[in-house]
Amino acid sequence: MALDNRWLLRLGGFALHETIRHWLDTIDLRVAYHDPQLDPAHPLNDRPRIYIFWHEYISFPLYLRPFCNIAMLLSKHRDAEWLAHTATMMGFDTVRGSSQRGGATALLELLEKSKSMHLAITPDGPRGPRRRLAPGAIYLASRLGLPLIPMGFGFDRPKRAKTWDQFAIPRLFSRGRGLMGPGITIPPNQTRDQLEQHRQRVERILNQITTVAEDWAESGLRLEGEVPAQPRSVPLAGHREAALHDPFWIAAAAGTIDLSEANLFPPAQVAEIRKAA
């Protein structure tokens with residue numbers, strides 16, 4: 001029976017993989033960067049980083065960045081089994097664990113993988129609350145000395161699943177938009193209160209960059225610096241020089257936009273955020 005269950009989970013993972021791939025093939029996907037070299041697929045990106053985005057939009061990076069040397073943290077809960085198989089089929093390594101189950105083991109595994117891989121975390125997972133950033137990503141960034149890279153995604157008026165995260169299901173042939181902000185460094189040896197201040201700050205930034213991406217997707221307006229997005233994998237070592245001449249990276253470098261705190265928030269709110277941090 002256990003064997004049958006494993007095969008059923010793999011079959012479910014394959015079905016989800018094919019659904020995401022073919023469904024998002026119909027979506028007009030566009031992205032914009034604060035710095036395109038932070039993209040895990042960029043040929044000059046050879047430093048591990050921690051990418052964070054809300055759980056409800058996990059299909060977006062799964063589709064766009066297969067085989068990019070990324071280890072994704074996923075829950076040990078049964079609900080995540082299909083997703084874990086899907087991520088593996090899309091070229092992601094996976095680490096299983098959460099604060100409720102297997103947290104210590106997952107932390108050790110992430111510490112080891114961070115020596116040679118990027119990390120990806122949905123910091124409101126695995127069970128929410130929705131868009132509430134758990135402290136794990138902040139502690140990990142402080143402990144490893146790796147920058148957090150906030151990513152905001154949005155679809156044009158997606159359908160919402162009746163799940164804790166209100167999982168976003170894009171309408172066929174609609175719009176999807178993605179933003180990648182600048183790195184956020186969390187200093188080492190922080191007290192619990194200091195880590196909480198950083199947690200609140202990063203949560204605000206991640207919520208705001210997601211809101212901007214959602215508004216952009218719904219508006220249908222062109223954004224200065226946007227580039228059409230397609231799935232891209234990290235180039236082989238011998239192909240990195242040639243990959244720099246990819247029109248996508250040339251356009252992305254020419255069209256960077258300011259996604260810093262100062263541009264995402266009103267001046268008074270920026271001062272308040274920095275004071276809190």
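The values are calculated or read from the model by the stated rules, or taken from the named source; none is laboratory data. It should be emphasised that the depicted structure is a prediction, and the values quoted were computed from it without experimental measurement. Heads up, the Cβs are rebuilt from the backbone with ideal geometry, glycines too, and the neighbour counts pull from every protein chain shown. Please note that ligands, DNA and RNA were not included when accessible areas were found on the heavy atoms of the full protein model with its side chains. Shrake-Rupley method; radii C 1.70, N 1.55, O 1.52, S 1.80 Å.
See the values below:
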item	result
Single unsatisfied condition, residue 120 versus (1) under 30 Å from residue 172 (Cβ atoms); (2) surrounded by fewer than 19 Cβ atoms within 10 Å (Cβ to Cβ); (3) under 18 Å from the mean Cα position of the chain (by Cα)	(2)
Selection within segment 245-260 - in a loop (DSSP other than H, G, I, E, B) and more than 21 Å from residue 182 (Cβ to Cβ)	245, 246
Selected residue [open to solvent by 10 Å² or more (accessible area, probe 1.4 Å), within 20 Å of residue 52 (Cβ to Cβ) and more than 16 Å from the chain's Cα centre (by Cα)] from 211, 185, 191	185
Any pair with Cβ under 8 angstrom, 6 or more apart, that starts in segment 140-152 at a residue that is more than 12 Å from residue 202 (Cα to Cα) and of a type in the set (Ser, Thr, Tyr) and ends at one that is open to solvent by less than 10 Å² (accessible area, probe 1.4 Å) and part of a loop (DSSP other than H, G, I, E, B)	142/186
Residues within segment 214-229 that are in contact with a Phe, Trp or Tyr (Cβ under 9 Å, 6 or more places away or on another chain), open to solvent by 40 Å² or more (accessible area, probe 1.4 Å) and assigned to a helix (DSSP H, G or I), tallied	1
Any hit, segment 42-63, residues being aliphatic (A, V, I, L, M), modelled with pLDDT of 95 or more, touching a strand residue (DSSP E or B) at 6+ places or on another chain (Cβ under 6 Å) and open to solvent by less than 10 Å² (accessible area, probe 1.4 Å)	yes
Subset of segment 243-265 [open to solvent by 70 Å² or more (accessible area, probe 1.4 Å) and modelled with pLDDT of 95 or more]	245, 247, 250, 254, 258
Those strands (runs of 3 or more DSSP E) lying entirely in segment 45-151 with at least 1 residues within 20 Å of residue 16 (Cβ to Cβ) and not hydrophobic (A, V, I, L, M, F, W, C)	93-96
Pair list, Cβ < 6 Å and 6+ apart or interchain, from segment 50-67 residues that are on the phi > 0 side of the Ramachandran plot to residues that are of a type outside the set (Asp, Glu)	67/91; 67/233
So residue 232, is it modelled with pLDDT of 95 or more, under 17 Å from the mean Cα position of the chain (by Cα) and in a loop (DSSP other than H, G, I, E, B)	yes
Any hit, segment 77-90, residues being open to solvent by 10 Å² or more (accessible area, probe 1.4 Å), charged (D, E, K, R) and closer than 26 Å to residue 200 by Cβ	no
Scope segment 151-181; condition more than 22 Å from residue 230 (Cβ to Cβ), touching a strand residue (DSSP E or B) at 6+ places or on another chain (Cβ under 8 Å) and surrounded by 14 or more Cβ atoms within 10 Å (Cβ to Cβ); matching residues	166, 167
